[in-house]
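In what follows, a structure is listed as structure tokens, so that the remarks can point back to it.
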Amino acid sequence: METNEKKIENVIYGINGPVVTVRNSRSFSMAEMVHVGKEKLVGEVIGITDKLTTIQVYEETTGLFPGEPVEGTGSPMSVTLGPGILDNIFDGIERPLKEIEEESGAFIARGSSVSSLNTKKLWEVTLLVKEGDFLKGGDIYAQCPETPVITHKCMVPPGLEGTVVKVYPNGSYHVNDTIVELKDKKGKIHNLSLCQKWPIRTPRPVAQRLQTTVPLITGQRVIDTLLPIAKGGTAAIPGGFGTGKTMTQHQLAKWCDANIIIYVGCGERGNEMSQVLSEFSELIDPKSGRPMTDRTVLIANTSNMPVAAREASIYTGITLAEYYRDMGYHVAIMADSTSRWAEALREISGRLEEMPAEEGFPAYLPSRLSEFYERAGMTDNLNGTNGSVTIIGAVSPQGSDFSEPVTQNTKRFTRCFWALDKSLAYARHYPAINWTQSYSEYFTDLDAWYKEHVGEDFVRYRYSINGILQEESQLMEIVKLIGADVLPDDQKLVIETARVIRVGFLQQNAFHAEDTFVPLEKQKQMMRMILLLHKQARRLISAGVPISSIVATGLFDKLVKMKYDIPNNKPEMFDEYAQEIEDTLSHIVTN
Amino acid sequence: MLIDYIGVKEINGSLIVLDDVEDASFEEMVEIRLDDGSIRQGRVVQIDGKRVVIQVFEGTRGISLNNTRTRLKGHPMELALSPEILGRVFDGSGRPIDGLGDIYPVRRADINGSPINPVSRIYPRNYINTGISSIDTLMTLIRGQKLPIFSGSGMKHNELAVQIARQARISDDGGDNFCIVFAAMGAKNDVAEYFRRSFDESGVLQRVVMFLNLSNDPIIERILTPRCALTAAEYLAFELNMHVLVIMTDMTSYAEALREFSSSKGEIPGRKGYPGYLYSDLAALYERAGMIEGHTGSVTQIPILTMPNDDVTHPVPDLTGYITEGQIVLDRTMDNSGIYPPVSVLPSLSRLMKDGIGKGFTREDHADLSNQLFAAYAQVMDARSLASVIGEEELSPVDKQYMEFGRLFEQKFISQGFTENRTIQESLDLGWELLTALPREQLDRVDDATLDAYYEPAKKRVASKTVQNSTAGEEKEG
């Protein structure tokens, strides 16, 4: 029977862009990975009827003939998980771009059959189990140093359990070498190597999800103080072109306190990816003294690379993130940009002639978005470790209009919304996060952590700062109509203080050595100074001192520049500043 | 095995459908011979078993169900390449139209190209000096960048493109390794002629390759024009190691051609009727700019697009802005008030400039100065909108200074002659001099050391100039 079945070869029937159809086949399963054509282009089954099987191809289809063979692989679209992922750059379906370059040169050729992980490299493996141990899914049986800063842990694939019947000695192994043999309940022996496969569209299971109560520290003032994000949280960064989405993502990737960064360049610019590559390898992580790339994975599916692989790249990224989470790491994944991914969905949906919903996007866009963002979280893993996946997704609204479907649906499923603002970007106020339009649902969730680790006053300050900014935005409505001159002095003070907050605090210079990352303690002290000046000035004004003479002291301008003038490692200088504020202002009174 | 397929099954817009075709491959070229002896070219765009849909570049006018013989060429659309293409003029699908005969090809290349491996790219860092203050100082063009001009009908984008092409100098290069690829998609005959004449006058015509699909040429051919141009550019840059500047005008016409093609294929339309894959399609063109490891050449793109109704949120400028590394936006009000080039500073941007300017490239104060100019000009806009409500007289003294700065900035800095070629030093110094119209404490984007080094000397220069001017004036009067 079996030989008979093999004779029925599946061949290409129709071709339309990245969509290929096969007629009269019953051998494929939904979401199965297939090889298309003589060049064995990678594809995935996306639709089956009794007459027609529809396949999306992850590579250019130019030059394919009807009648070329289509072979199933029997398993869904999967990625290989094992040591060698870090410090690497992959395309959307986990093919290493460096090896592709060696194989086909500077331009990507089709049908590259390089394996995802380097199979020739030897890893120094330490075995952690002994014969007779009972292992269940997720349990760690071996580890090896993957990079100088990250230890890779080999885990039993979820779903598999059994008794260890053979353990190989510690030593050097290739990624595909068997190091443990496991006998399951039915008596079948499973050879465990350093790597495993996992289907990209299936979330890796966890023991339980935890509440998100620990912030992801980013060193960016506007985020850490006004719009914080939790480890295991989700954030969306919407913004029109030129508002600095990518710059903000880069800053977060460089400075946030996650153990591992996964940066997905999804349908974005090639030059940007080469910038990330060169910057990250030059950038030394202050905590470990090693290059950033030691804890980074890049997934680059630039806008001109095949659109179906762009759709897959987001899932590839999140699967890698979950894998490292299972080892007990805190992982942050930056997806730049989810709109390009949504457009890939739309493009393929159009080729399938599906009935479009809003703006031509398929009706399943919201469910796909929620499936993706729900894979974030702080979790207890199957093996008892604790880790998190934080998702930060950029959104590129068409026509800079936040009411378009991708932005709106993303807003429903993320808990931080960092809206980038055109007018701030035009004034080169970066990060151009608009503090009135943006919100963070973690703001109060994280209060307890901040109180315990940075001090109770930090939380108090940030409510005060927020209050001044809100008050200013209301006053600005009036100022726009009649000018600032007619306001009473106490309201002018609000505007002046808000200016210091905007220019001196919220605006942050990514190219300034001190200002690019600011520790929480300094953020707190900066807020303290601004609020101190505000409080003292308000007292003087209520005593009848005109605001012009307070402004004339130059204290406001001094505070605007304190972000540059006070180094990150000299918080004691703030006390001098406080003294100066007190002295100068008391001098005004004696006058 | 060459088979002629006689007749067609269906004709729809620019598409014809053949039945019972053996061995057609996707995107293969076809040749269609009509009974009257004329030959048209086409491309396979869809295959369903033996039913093949072909796009005819020259249009289907005159084709009936039985007056054609169609032959499959067995390869995708290719362009003949050799160093001889420099100085030649081609039509939109790459056939010579200057009467100098066919190109004897060194090799042929698929016009669709292949994506550049992101790993193989060199991050572009060297700036191109265009001699235009607003561009050099505020949105510096970098070698290997794609920087479009967002314009509208009737504005001076062509002049600006010509001025850039004429004045562009690469800092560390003698200039003899520089060439221009010009692609006209649906451009008016006058526009193409204007470019040709301008290249001729500046003596660079021998270094220009032109691909012309004029507005009365077949629309479907327009889809091929930028692909041919970029294939030629890649050949010149990555095989002959030249620095290539690609000027493509007008991308909006290109996108419209794509829309027409898509709708005749019966595809589901996205925004404003443009196909859902417009982003990917535009990206496949724009991403062909860059520099790659192991080659000294570069492809720099300046696509020009006219925004319908000057609307920057229209799908074409919108998607372009998301792909390209910045944009130069032209402004109709400034154009009307006679400012050339009418560069609207605030929405314009060069994403790559931050790493291509400063010490070792232009001058150490460049980044600070441009930040400050942007910030100050944004303030000018606020002051102007306030002044339009309460009148300029009622403004605070600081706002009045901003108004004055705004006027000077537009008249002296942005505005410059069509043949005026300013060095980067001149532009930067001029920027500082204009900033002296503002009090020092308003300059909050710059640290004190830089202010001491540049703001104060500029102040002295301005002061001495005013003295000279006033004494000169007195002498005249005297």
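Some values worked out for this structure:
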item	result
Estimated FRET transfer efficiency (A:Ser542, A:Asp565; beta-carbon r; R0 41 Å; 0.05)	0.85
DSSP beta bridges in chain B [antiparallel fraction, %, rounded to 5]	60 percent
Antiparallel DSSP beta bridges within the protein assembly as shown, percent to nearest 5	65 percent
Relative contact order, percent, chain B [alpha-carbon distance under 8 Å, six or more residues apart]	16 percent
Where labels lie 7 Å past Cα in the beta-carbon direction, separation of B:Thr333 and A:Glu441 in nm	4.1 nm
Heavy atoms of A:Ser29: accessible area, 1.4 Å probe, square angstrom to 10	60 Å²
Leading residue at positive end of dipole, the protein assembly as shown (Cβ point charges), from A:Ile179, B:Met307, B:Gly356	A:Ile179
Cα pair distances in region B:123-279, grouped into 10 Å bins until the bin that holds the longest one, percent each	10, 36, 35, 16, 3, 0
Reduced Cα scattering model of region B:217-272, Debye log10 I(q)/I(0), q = 0.17, 0.21, 0.31 Å⁻¹	-0.65, -0.81, -1.19
Efficiency of FRET between B:Glu456 and B:Asp98 - r from beta-carbon atoms, R0 60 angstrom, step 0.05	0.55
Inter-centroid distance (Cα atoms) of region A:550-591 relative to region B:308-368, Å	38 Å
For the pair B and A, total buried accessible area rounded to nearest 100 Å², probe 1.4 Å	6100 Å²
Accessible area in square angstrom per residue, region B:1-96, 1.4 angstrom probe	43 Å²
Principal axis dimensions, region B:222-319 - Cα atoms, whole angstrom, descending	42, 29, 20
The protein assembly as shown, accessible surface, carbon-and-sulfur percent (1.4 angstrom probe)	50 percent
Shape category assigned to the protein assembly as shown from the gyration tensor of Cα positions, a/c cut at 1.5	oblate
Charged-residue dipole, Cβ positions (Lys, Arg, Asp, Glu), region B:49-147 about Cα centre, Debye nearest 20	520 debye
Cα-derived Rg over Rh, computed across region B:27-143 with Rh taken as Kirkwood radius	1.13
Simple label model, 7 Å out from Cα along Cβ direction - B:Tyr194 to B:Ile39, nm	3.6 nm
Per residue solvent-accessible surface (Å²) - chain A, probe of 1.4 Å	37 Å²
B:Asn469-A:Ala448 pseudo-label distance in nm [points 7 Å out on the Cα-to-Cβ vector]	6.7 nm
Modelled FRET efficiency - R0 45 Å, A:Phe134 with A:Gln579, Cβ distances, 0.05 increments	0.10
Where trypsin sites (Lys or Arg not before Pro) in DSSP loops with at most 11 other Cβ within 10 Å are excluded, longest remaining stretch of chain B	B:62-358
Charge-dipole axis of region A:61-171 as Lys and Arg at +1 and Asp and Glu at -1 on Cβ define it, positive-most pick from A:Ile108, A:Thr62, A:Ile89	A:Ile89
Three-way shape call for region B:292-448 based on the alpha-carbon gyration tensor, with the a/c threshold at 1.5	oblate
With all protein chains modelled, accessible area of B:Val389 [1.4 Å, Å²]	80 Å²
Heavy-atom accessible area, 1.4 Å probe, ligands and nucleic acids excluded: residues of region B:315-336 down by at least 10 Å² from chain alone	B:Asp318, B:Leu319, B:Gly321, B:Tyr322, B:Ile323, B:Glu325, B:Gln327
Anisotropy class of region A:197-291 from Cα gyration tensor, a/c 1.5 cut	rounded
Sequence-separation-based contact order of chain A, relative, with Cα cut under 8 Å and 6+ spacing, percent	13 percent
Environment charge of A:Leu446, counting only residues whose C-beta is closer than 11 Å and scoring Lys/Arg +1, Asp/Glu -1	-2
Overall dimensions of chain A as given by Cα atoms, namely Rg and Dmax in Å	27.7, 105
Positive-end extreme of charge dipole, region B:95-150 - chosen from B:Ile149, B:Tyr127, B:Tyr104 (charges on Cβ)	B:Tyr127
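The values are calculated or read from the model by the stated rules, or taken from the named source; none is laboratory data. Nothing here was measured: the structure is a model prediction, and the numbers come from that model. For neighbour counting, all protein chains shown are included, and Cβ atoms are generated from backbone atoms with ideal geometry for every residue, glycine included. With ligands, DNA and RNA removed, areas are computed over all heavy atoms of the protein, side chains included. Shrake-Rupley method; radii C 1.70, N 1.55, O 1.52, S 1.80 Å.
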